[in-house]
Amino acid sequence: MENNEDVLILAIESSCDETAAAVVKNGRSVLSNVINSQIDIHTEYGGVVPEIASRKHIENINPVIQMALDKANVTLDDITAVAVTYGPGLVGALLVGVAEAKAIAWAKKKPLVGVHHIEGHISANYIEHKDLKPPFAALVVSGGHTHLVHVKDYGCYEIIGRTRDDAAGEAFDKVARAVGLGYPGGPKIDKLAKEGNPNAIEFPRAKVDDAPFDFSFSGIKSAVLNYLNSCEMKGVEVNRADLVASFQNAVVEALVSRAIKLAEDMKLDKLALAGGVAANSALRNAMEEACTKKGIALYYPSMGLCTDNAAMIGAAAYYEYINGTRHGWDLNAVPNLKLGERV
């Protein structure tokens, strides 16, 4: 793992609705991290519209990369390698980043390193926790993913548990829409839940019989919709704060209980949170409490590194790069790329 020369990675991330570029030194030091978010545009539609996201990436990607280079006070000639998210994500959005990265790498004769988006989320923890090294357990929770991962080494992952239906973030967005909070659902539910009673309504905590580490969130989403319909039919006014607090409590309990079980069963004394939902205050607080009780060290990124960004891609790419990962000009977007899969 020792590398005498500094490795500067130009990283590009465009898997959903953020156009992002960063310059990362030696996997842990962020020289710049520029994010152009499209959230205001997609809020009008109540969610991300893939075609609009792709077009906006095309408009934004060159200025975002130039800004990242300028902020880091480097040029493309100073860069060691170019890294890019190539999956999973929206295929059109991914293609914009992949095409850009290939063009820069080809023009400047730099190595090209494709990065898995989820690997990026896990690696966000390396940026702020310089002491964090594998092995550890990771709970990845975002709009599209809910994974329990055994991080065996840098770039070496085993998925132990995953959602069988909705991702946790997806369930937050759907419930937020149902109660009239709008998009994006996660932060809005987190805020309103602080005013409610998390034990007001008993929602189901789904378990998958043959897979103790797997998740299922479609049942709780349906339970919330049924509760709302029932109240409407009976003419009962819904206490929205109590409703979202109870919903959030059920989701958080499912996430925390399985993550702690994984750490204990695999005798791992470190647990990392990753992904957009890792910014949820109820999840952080519940996980802190559970980890303290069990003597497990908890790690999570700051808010800005939980959501999609390119610094996390640069961190992941550094370890891939020094382990010899290189991609050719045939690198393509892989919207359903599995963690640990090599394409």
Taking Lys110 as the anchor, which lysines have their alpha carbon closer than 24 Å to its alpha carbon, excluding any fewer than eight residues away along the same chain?
-> Lys25, Lys71, Lys102
List the aspartates and glutamates whose alpha-carbon lies under 16 Å from that of Lys109, not counting same-chain residues fewer than 8 positions away?
-> Asp77, Asp78, Glu100, Asp330
In segment 53-155, which GluC sites (Glu not before Pro) are in a loop and have at most 16 other Cβ atoms within 10 Å, using DSSP for the loop call?
-> none
antiparallel share of DSSP beta bridges within the chain, to nearest 5, in %, is 60
Cα centroids of segment 293-343 and segment 85-156: how far apart, whole angstrom?
-> 2
Cα-Cα pairs in the chain separated by more than 28 Å, as a whole percent of all pairs, come to 42
Once exposed loop chymotrypsin sites (Phe, Trp or Tyr not before Pro) are cut out (DSSP; at most 14 other Cβ, 10 Å), longest piece of the chain | 46-328
Which whole-Hz ³J(HN,Hα) couplings does segment 294-299 yield from phi under the Karplus relation 6.51 cos²θ - 1.76 cosθ + 1.60, θ = phi - 60°, glycine and proline marked x?
-> 9, x, 9, 7, 9, 10
Pairs of lysine in segment 194-343 with Cα under 29 Å and at least 8 positions apart or on different chains: total?
-> 27
Contact order normalised by residue count of the chain, Cα under 8 Å, 6+ apart, percent | 25
Arrange the peptides 229-236, 158-165, 88-95 so that the one whose residues have, on average, the most other Cβ atoms within 10 Å appears first.
-> 88-95, 158-165, 229-236
So which trypsin sites (Lys or Arg not before Pro) in segment 55-119 pass both tests, a DSSP loop state and at most 11 other Cβ atoms within 10 Å of the Cβ?
-> Lys109
Taking only DSSP H segments of four or more residues, each worth -39500 (n - 2.57), what value at 222 nm results for the chain once the sum is divided by all its residues, to the nearest 500 deg cm²/dmol?
-> -14000 deg cm²/dmol
Karplus-derived 3J(HN,Hα) from phi for segment 205-218 (6.51 cos²θ - 1.76 cosθ + 1.60, θ = phi - 60°), whole Hz, x at Gly and Pro, runs 10, 5, 10, 9, 3, 8, 9, x, 9, 7, 10, 8, 10, 5
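All of the numbers you see were taken from the coordinates with simple rules; none came from a lab. Because the structure is predicted, anything quoted here is derived from the model rather than measured. Cβ coordinates were reconstructed from backbone atoms using ideal geometry, including for glycine residues, and neighbour counts include every protein chain displayed.
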